[in-house]
Amino acid sequence: MSDPTLDISGLTKAYNHGLPNEVQVLQGASLTVQPGEIVALVAPSGAGKSTLLHIAGLLDTPDQGTVTIRGEDMTNLSDRRRTAVRRATVGFIYQFHHLLPEFTALENIVLPQLANGVPDKDAEARALDLLGRVGVAERATHRPAALSGGEQQRVAFCRALANEPSLLLADEPTGNLDPETSDRVFDALMALVRDKGLAAVIATHNLELAARMDRQVRLTGGALEAA
Ligand code: ADP
């Protein structure tokens, strides 16, 4: 069997070490995600979902524990190598789209590819293909401000997938949308992730959306358990 896409083991993380306001957020969180598997991360606000996703996505480091991506232990890597692995392997989606306002939808998906050395024409073709898959190809030349909330978030999905990651991490990706839009945008995300065969960890507090993923884990008391 191939290596898991993501394996996190025994993660601990506290903020404000040694101060009266120290918060122990993670206390031995472990999770293994296989290629093509979509895992719902369920927890109330403040439980530590963002902290966990940032550590899993190499944007932050744990106090203890290991993060292994496609068989490579990230613990003792140089910052440079961690950044290279993150750029090549991980796609991130946030609750708010964070698109660059002065660029069009298409450009927002092209730019990260250019930064990764993809030639112009290929980057543009891939961006258009992705936009088509989530149903916003006809909005390619619009800037974010001219898009609806659901469209902005679909473009953010495309941007997260622009550099062909093998792991997608999403932090309440439809949490900012009204329920009906959220359902449709979530459908688009699931179709895209399944189609690309990505491993994904998608944080949500919407139990109906969670039930549509392959399995659910709950973050409680700083650890993960099957939900
Ligand atoms: P969630 O994403 O589940 O809402 P977070 O991971 O954002 O949870 O936060 C978990 C806890 O850690 C919260 O109590 C939050 O206030 C605290 N926290 C998060 N980031 C920091 C930080 N940089 N400094 C201090 N406390 C933080």
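Here, each number is a calculation from the coordinates, and none is a lab measurement. Every value quoted in this text rests on a predicted model; they were computed, and no experiment measured them. Don't worry about glycine lacking a Cβ; one is built from the backbone with ideal geometry, like all the others, and counts go over all protein chains shown.
How would you rank 214, 171, going from fewest to most other Cβ atoms within 10 Å of each one's own Cβ? Don't skip to the answer; put the middle values down first.
Working: 214 14, 171 21.
Neighbour counts put them in this order, fewest first: 214, 171.
Listed by chain and number, the lysines whose alpha-carbon sits under 30 Å from that of residue 121, ignoring those within fewer than 8 places in the same chain, are 196.
Considering only 176, 66, 132, and ranking their Cα positions along the charge dipole of the chain that arises from unit charges at the beta-carbon of Lys, Arg, Asp and Glu, the one farthest toward the positive end is 66.
Taking 19 Å as the straight-line reach from the Cα of residue 13, the lysines in range (excluding those fewer than 8 positions away in the same chain) are 49. 3J(HN,Hα) along region 31-45, derived from phi through the Karplus expression 6.51 cos²θ - 1.76 cosθ + 1.60 where θ = phi - 60°, amounts to 6, 10, 10, 7, x, x, 8, 10, 10, 8, 9, 10, 5, x, 4 Hz, with x in place of Gly and Pro. Projecting the Cα positions of 167, 51, 189 onto the charge dipole of the chain (unit charges on Cβ atoms of Lys, Arg, Asp and Glu, taken about the Cα centre) puts 167 furthest along the positive direction. Treating each Cα of the chain as one equal point scatterer and applying the Debye formula with no solvent, the log10 of I(q)/I(0) at q = 0.08, 0.14, 0.17 Å⁻¹ comes out as -0.29, -0.88, -1.24.
Among 97, 17, 54, the ranking by other beta carbons within 10 Å of each residue's beta carbon, starting with the fewest, stands as 17, 54, 97. Comparing 128, 100, 177 in a Gaussian network model of the chain where C-alpha atoms under 10 Å apart are linked, the largest mean-square fluctuation is found at 100.
Using a 7 Å offset from Cα along Cα-Cβ at residue 122, what residues in region 76-104 end up with backbone N under 19 Å from the label point? Only 84-91 fall inside the zone, counting backbone N under 19 Å.
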